[in-house]
Every structure is written in C-alpha cells, then in structure tokens.
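Down below is the structure, laid out as structure tokens.
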C-alpha cells in the first residue's frame, strides 16, 4: 500500500488510529501535535465535529527528507469510533500502512474494545489489508483511571498475539509518543525491506523514528 | 477514485498547491503587498517556476524576503517579495503576514477538500451498498414471485390429482363392497345349489330303478307266462329294487329341489333389484323397500348374528339414482356388524315428517366417541388396525347421501351404541 513515486522521489505513508468510541484517538493526535517539534510537522487538521465527536477524521501530517533526498510524508489519521460511522472508517482505513489500535482501559468498555477490534479485522479484510502482516500496535489508553484493568491482565490477553501493547494516558500526555514511535518503527522495517530506506536512501530506523518523534525543545522555536 | 467493484474511494490523496489554491485566493493577497509598496510579489514552486506573480509598473527592485510555504509540513513553494531597499522592514513584515494568510487559506481549502472527499466517499459507498441491497431484494422478490406463481399451479395440479385419486378410491370401495357382497351371495346360492345337485343325483339312480322295473315287466309279458307267476315275480323284483321307499322319497326330493331353485331365484332377484343393474336412470324409489332389499342380500351375514328390529313407517317415494340408497344402507349395516360384533341388535327406523324422510340405523355396539364424530366421514379414516379396513365405507355413505341432497350424522343410540341418522328432503318429488 506504500505510496512511492521513484521519479518524483516521494513517499507517502498512512498511519491510522483505530479503536472504540471515546477511547482517545483524537486526544492522541492532539498530544502528538502539542508535544512534537514543529520542524517537519504539519498542522493538525480536525475536520468538522458533531458535539466534539469525530464524524469524519483528524489528520496530523509529518514531513521529512532522507539523506538521499527522498521526501517522505507520514500522515496520521483517526477514524470515527462510533459504530454508525462504519462507512467513514472503511474509507479512512483504505491503503493504510500501519494501525494503532487505541483501546479503553475502563473495564466497562472491554466489550467495546473487542467489538471494535472485530470491526477492524472485518474492515481490513474488506479493504484488502492483511492483519497478519500489516504493522499494528495496541495502546491501552486511560491508564489514569482508578478502575483501569490491571496491566498484567492486559498483557496476558494480548501478548500471545505478538502485537506490541503500550500503556498510555493520552489526556496526561504519557505513552503517546511511545505508541507513535513503536508504530513508526514497525512501518520503517516494512518499508525498508521493500525499498531499502537504509541501503538506498541512507535513512536508519533511529533517524526515521527520531525525526518523527522529536519532542519540542521548550527553549527553541514555538508556534508562530 | 472508484475501483473496479465501484466501492473503493480513496480519501486524502496528495494535492498540489495549484489544486488547492485559486487565482482569486492568491492574487488579491499578492496585490495587497504591491499596494503596500512592494515592487513584485511572486510564488514559485520548488523548481523555481512561477505559480502566481504580481509586479508593480515601476520595476522589481532587490529581493527583500524569501519565505517557505508549507503544505502538510512539507515545503512546496517559496514566497518572494522584491522592492526598494528603503521599505525593507515594512515589506518583510508584510511578507510574513502574507505567508500566514496563505497558510490559513491553504489549510482551510485543504480541510474543505478533505471534508468533501470523505463525504462523497461515504455517500457513494452508502449509495453503492443501497444499490446492492436493492438488487438483492429485487432478485429475492422475483424469486418469491416466481415461487408463488408456480405454487398456485402446483397446488392446482396436486388438487386435481388428489381429486382423481379420491374418486378412484371411492369407486374401488364400491367395488370392494360389491365384492364382499358377491362372496356372501355366492355362498347363499351355493347352499341350495348343493342339495339340488345331490337330489338330482339321487333321482338319477331312482329313475334307473324305474327303468329296470319297466323292462322286467316288458320282458315277462313277452314270455307269455301265467299272470300269477308274473305278478309274484314282479312283486319280488319290486321289493328287490326297494321301490316302495324310492316312491316315498321322490316326492320329497322334487319338492325340496323346487324350493331350493326358488331360493336361488329369489336371491338373484334381490341382488338384481339391489344393484339396479337395469336402472341407471333416476326413478321413484321407496327407501323402505331398498332397506329390505339390502337386508335380503346381507341375509347370510345377518342370519344368526344379528337381531333386526324394524320400526318402519310408510314413506313417500324419492326420485333418485336407485343404486344410491343400497350403497348407503349396505355400508351402514356392514359398519354396524363390524363394530358391534356378534349378538348385535340393529334398530331400523324410518319416518316422514311431511318435508323430509328420516332414516335411522342404530346398533347397541360401543358407539362413536364425540371427539371422532367430525372425522369418521372423511376418506381413509378408520379405527381398525392398518390393513383391516379401507376407511372408505362411511365416506361412500357421505358421498351417496350428498348426491341425494341429504345429510348424515351420528348420535348416541338410546342405551348406548351408534345411531346413524340420514335425512333426505323430498323436495325433488
């Protein structure tokens, strides 16, 4: 699915934040936008919402240039989590290069997590994505909730699947860049295997992930 | 973008600045900088080609500001402002202002384009999904309609088939009843026929003795012997041939045989009358007579097994196919004999109330349970073990009564047993 134009020396990668309603997908992007340096990061595009709920999607674009001159754009999207917006979810999911599944740590939402993951599996197969090979990370958000499911239980459930699981509290900004970085690392390896990012373009995984997750230098440039 | 299956729409494809900005978005901004005193304001792409530009008539002056224009974080163009060196600070501030304005326009346009794209995509896919659902429903509706149409034809075919089979079975039942009757009648005829034959054999022997006696006299008369001798010899021969006993027997044998022959004649007449083989046309019929005829042909089955009680009153004649009453009575009487067993008492009653004839055939058997009364006239309904009864006897009764324009019901006979009541209007007369 990787969009690569050799002649124009351009590559576009699409990352999708999936998950049940109100699990904090938009909050993840808001925090990334807040925490990461403006260098190479575009503005967060929040499409019209309905009562503060995502009905279309949010988009946070990143841009970096490899030592070879290859221009790489990384676009992070959110999908609407509400069940009724399935057509929108499918449209956004198309041609994704990596997926971050944002699950809710509230035990009351356990069922929603599973239903949404089922929905992800079904929609991936509908738009022709292979869940077994596509880079996928799971973030258990809202770790700050007092009633949050214990981490051991989560790891027991999800680690046998081999999918990386990260803990986060998006509202407080913890675990957000780590999730984004983990997904970016998985995507890098996939792209590297196919297009030789390190060999041909001189871009190492550390540089790629580092540039995408470069935390804002408080004393450096701020918002214009 | 629409895929081969019409369901794929890709949202958020890369756009160029030319696709996002209109002349009417950019040129007023560039002209604004000229109005503020710049010599020229131009927007160049990364290769240095001019995308948009505006120049004042007085020339361009020196390059005062060159700022990158970003699209989704990627530098895609450069904004170049030239002018007199004296206005450097003012024009640089203007350039920065212009960059922010362009950035805002780009972001708003991009947002609008993305919203339109996702909206179109969702509407299209929903539309495609609805079209597919509609097509599926139409297909399924067509299938059901075809099924419904075929069903009607199939049901008609099956109904006709069933009706044919039903008629066929009714006919078979009539034949079976007649067969049963024939067996009884054969037995009835065989009996007198047996002793008539036996009598004839005896008479044959007797006649040969008469002949021997006559020959003896004829021979002795030729010899011209004395009358005393002939008489004595004749008397001896007479006794030798046991003619006194033979003479006494002959009268009995003849009268017995005649009685037997008369019995056969009567049976045949009954049968003929019962079957009405000669009367296919409708004719006035006395139902009491038909009842008696039926009893006549059933006499072998009734004799010694059933006690008949007759409470018959004179009835007006009914015009009908004369075979029908026999079918009704035969089947009802056979039914009573089957279910009431030996020692049954059958009460036959008939009366005419001025409008309708009412005939009742009651037995003292177990009767018909109320729960079964609705079913017993249906074809194939039987309480007997499989294979014993055809279940058609009462169906034949029902059909025949229907042909007479009447009704047949079953009630409890006084003192227990079944009472079949046939009511026939005499309106036809």
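Remarks
- Relative intensity of region B:293-427 on a log10 scale, I(q)/I(0) at q = 0.09, 0.11, 0.14, 0.21 Å⁻¹, equals -0.25, -0.37, -0.62, -1.46, per a Debye sum over C-alpha point scatterers of equal strength in the absence of solvent.
- A full extension of the chain between residue B:412 and residue B:317 corresponds to an added length of 31.4 nm, given 0.36 nm per residue minus the alpha carbon distance.
- Taken along its principal axes, the alpha carbon cloud of region B:37-129 reaches lengths of 64, 23, 23 Å, longest axis first.
- Modelled FRET efficiency - R0 60 Å, residue B:164 with residue B:129, Cβ distances, 0.05 increments: 0.70
- Restricting the calculation to alpha carbons of region B:211-315 gives Rg and Dmax of 27.0, 77 angstrom.
- Region A:115-217: equivalent-ellipsoid semi-axes (sqrt of 5 x gyration tensor eigenvalues, Cα, Å): 27, 21, 11
- Once the chain from residue A:7 to residue A:130 is taken as fully extended at 0.36 nm per residue, the excess over their C-alpha distance is 41.5 nm.
- Rg over Rh [alpha-carbon atoms, Kirkwood Rh] for region A:19-139: 0.98
- Per residue, the convex hull spanned by the alpha carbons of region B:144-216 comes to 81 Å³.
- FRET efficiency for residue B:381 and residue B:342, using Cβ-Cβ distance with R0 set to 22 Å, rounded to 0.05: 0.35
- Computed over the alpha-carbon pairs of region A:8-76, the distance histogram in 5 Å steps reads 4, 15, 24, 23, 15, 10, 5, 3, 1, 0 percent, short to long.
- Bins of 10 Å from zero: percent of alpha-carbon pairs in the protein assembly as shown: 3, 11, 13, 10, 7, 5, 4, 5, 7, 7, 7, 6, 5, 3, 2, 2, 1, 1, 0, 0, 0
- Two-site label geometry, residue A:205 and residue B:62: point separation in nm, points 7 Å out along Cα→Cβ: 5.2
- Rounded to two decimals, the Cα-based Rg/Rh of chain A, with Kirkwood Rh, is 0.95.
- When the P(r) is computed for region B:193-248, the part past 13 Å accounts for 64% of the Cα-Cα pairs.
- Length released on extending from residue B:228 to residue B:355, taking residue separation times 0.36 nm less the Cα-Cα span: 37.2 nm
- From least to most packed, judged by other beta carbons within 10 angstrom and beginning with the fewest, A:205, B:86, B:94 follow the order B:86, A:205, B:94.
- FRET efficiency, residue B:112 to residue B:150 (Cβ-Cβ, R0 51 Å, nearest 0.05): 0.35
- Kirkwood hydrodynamic radius (C-alpha pairs) into Stokes-Einstein, region B:81-157, 10 °C and 1.306 mPa s, D in µm²/s: 86
- The alpha carbon radius of gyration of chain B, expressed as a multiple of 2.2 N^0.38 Å, is 2.69.
- Spacing of the two label points (7 Å from each Cα toward its C-beta) at residue B:371 and residue B:248, in nm: 6.9
- Model label sites at residue A:189 and residue B:35, defined 7 Å from Cα along the beta-carbon direction, differ in position by 5.9 nm.
- Taking the fewest neighbouring Cβ atoms within 10 Å as the starting point, the ordered list for B:144, A:188, B:206, A:4 is B:144, A:4, B:206, A:188.
- For B:227, B:247, order by how many other beta-carbon atoms lie within 10 Å, fewest first: B:227, B:247
- Helix-only [θ]222 nm of the protein assembly as shown, DSSP H runs n ≥ 4, -39500 (n - 2.57) each, per residue, nearest 500: -17000 deg cm²/dmol
Values quoted throughout were computed directly from the atomic coordinates according to the rules given, and no laboratory measurement underlies them. Owing to the predicted nature of the structure, the values given are computational and were not obtained by experimental measurement. Heads up, the Cβs are rebuilt from the backbone with ideal geometry, glycines too, and the neighbour counts pull from every protein chain shown.
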